[in-house]
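What follows is a set of notes on a single structure, which appears directly below.
The values are calculated or read from the model by the stated rules, or taken from the named source; none is laboratory data. Everything quoted here is computed from the prediction, not taken from an experiment. Backbone-built Cβ (ideal geometry, glycine too); neighbour counts: all protein chains shown. Accessible surface is based on the protein model in full, side chains and every heavy atom, while ligands, DNA and RNA are left aside. Shrake-Rupley method; radii C 1.70, N 1.55, O 1.52, S 1.80 Å.
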Amino acid sequence: MTEQSRPRVGVIGLGTMGGAMAANLARAGFPLAAWNRTPGHTSEIEALGGMIVATPAALASTADIVLICVSDTPDVESVLFGRDGVAAGATAGSLVIDCSTIDPAATRRFAAALARQGVGFVDAPVTGGSEGARNATLAILVGGAPADVERARPVLQAIGRTVTHLGPVGAGQAAKAVNQVILAGTYLGVAEGLVLALKSGLDPEQVVAALSGGAAQSWVLANRSGRMLANDYPLGFKVALHLKDLGIALDMARESGAVLPVAALAAQLEAGLVATGHAADDMSALARAIRSLSGLDA
Ligand code: NAP
């Protein structure tokens, strides 16, 4: 793709993930505009040549592709259909890519409303952590019509390493819920294993190194066990956001008849972390709950 043929991309939401995605799109040579609700997240994007605009509507009016990465379902609804939202500015033939993790059923409703004004929609939630967003190594889970997904692909390839088209609109979000359920079990398992190592008098760092070549290896063990051992949980991925994702997964489970006892337990422990002031800790703070149940930090 030549510099001239690259679509104009507008990014909405310059938080941990969206800020890193926007920076990678600018570095990859896409003509870039960006909007963030709260001022003060824009200096890196401006330094990379991106333009900061006043509203989502203004951003959509000049973009071929709008990429959204905000927190939750009502937030996506608000930037799409609220006052001065994307729908108020988007032109027929443009495309919205939603990289937020939100509810699949709401995603289908949003896509249908945009389709009525000739705007395409692709859901493209991501996994791979803040590191993956910074290094453009995310795994991207995509739902949408094949032609829309192909239009989105060059943009997604600039922010991630694997782009998997899983089905129609909403399929990406459904697959992301699966990912979050698996993560819940992995974080809890690593936290429990490390607490057992500590309580048993083992050298936990030596244990982590020894296990890393075996069947218990995982991204969480490799990247988050250090935080769990230090009992210090810098971001990352906020506990409150994972709790939001488990809410989506447990709703899907109720509707489909799946039974998810570990996800339900993780959601309860995370609700406890939120209630005790740890909503903005990294999700590895699940270990805080397990450590505390074992009396480690009394
Ligand atoms: P974050 O750092 O908290 O950033 C959230 C962004 O959403 C901010 O730009 C925030 O704007 C914006 N926002 C929230 N509500 C809004 C609203 N009503 N209107 C307009 N903007 C709004 O979160 P994040 O970690 O980047 O996560 C973003 C999405 O990616 C979430 O859906 C999350 O589940 C998903 N995700 C995160 C990770 C991760 O490791 N962090 C990994 C995979 C997926 P303000 O600056 O104004 O608050």
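Conditions (1) in the same structural domain as Gly189 (by TED's automatic domain parsing); (2) open to solvent by 40 Å² or more (accessible area, probe 1.4 Å); (3) touching a residue at least 24 places away in the same chain (Cβ under 8 Å), marked per residue:
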position: Ala222; (1), (2), (3): yes, yes, no
position: Asp232; (1), (2), (3): yes, yes, no
position: Phe237; (1), (2), (3): yes, yes, yes
position: Leu241; (1), (2), (3): yes, yes, yes
position: Lys244; (1), (2), (3): yes, no, yes
position: Val259; (1), (2), (3): yes, yes, no
position: Ala267; (1), (2), (3): yes, no, yes
position: Val274; (1), (2), (3): yes, yes, yes
position: Arg288; (1), (2), (3): yes, yes, yes
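Would the range 42-53 turn up any residue that is buried (at least 21 other Cβ atoms within 10 Å of the Cβ) and within 8 Å of the ligand (Cβ to nearest atom)? No; the residues of the range 42-53 include none that is buried (at least 21 other Cβ atoms within 10 Å of the Cβ) and within 8 Å of the ligand (Cβ to nearest atom). Among the residues making up the range 208-228, those that are within 24 Å of Ala266 (Cα to Cα) and among the hydrophobic types (A, V, I, L, M, F, W, C) are Val208, Leu211, Ala215, Ala216, Trp219, Val220, Leu221, Ala222, Met228. Filtered by the rule that a residue be open to solvent by 70 Å² or more (accessible area, probe 1.4 Å), outside any loop (DSSP other than H, G, I, E, B) and touching a Leu at 6+ places or on another chain (Cβ under 8 Å), the range 199-220 gives Lys199, Glu205, Leu211. Name the single residue that is surrounded by the most Cβ atoms within 10 Å (Cβ to Cβ) among those in the range 1-24 being modelled with pLDDT of 95 or more and away from the ligand (no atom under 15 Å from the Cβ). Across the range 1-24, the extreme among qualifying residues is Val9. Residue count for the range 113-137 satisfying the condition of being in contact (Cβ under 8 Å) with a residue 60 or more places away in the chain and either more than 16 Å from the ligand (Cβ to nearest atom) or open to solvent by less than 40 Å² (accessible area, probe 1.4 Å) (or both): 5.
Taken over the range 221-239, the criterion of being in contact with a helix residue (DSSP H, G or I) (Cβ under 6 Å, 6 or more places away or on another chain) and outside any loop (DSSP other than H, G, I, E, B) is satisfied by Leu221, Arg224, Ser225, Arg227, Met228, Leu229, Val239. With respect to Pro39, determine if the residue is within 12 Å of the ligand (Cβ to nearest atom) and either closer than 15 Å to Asp103 by Cβ or crowded, with 19+ Cβ neighbours inside 10 Å (or both). The answer is no for Pro39. Here the helices (runs of 4 or more DSSP H) wholly within the range 1-71 that include at least 2 residues being within 21 Å of Arg134 (Cβ to Cβ) are 16-27, 43-47.
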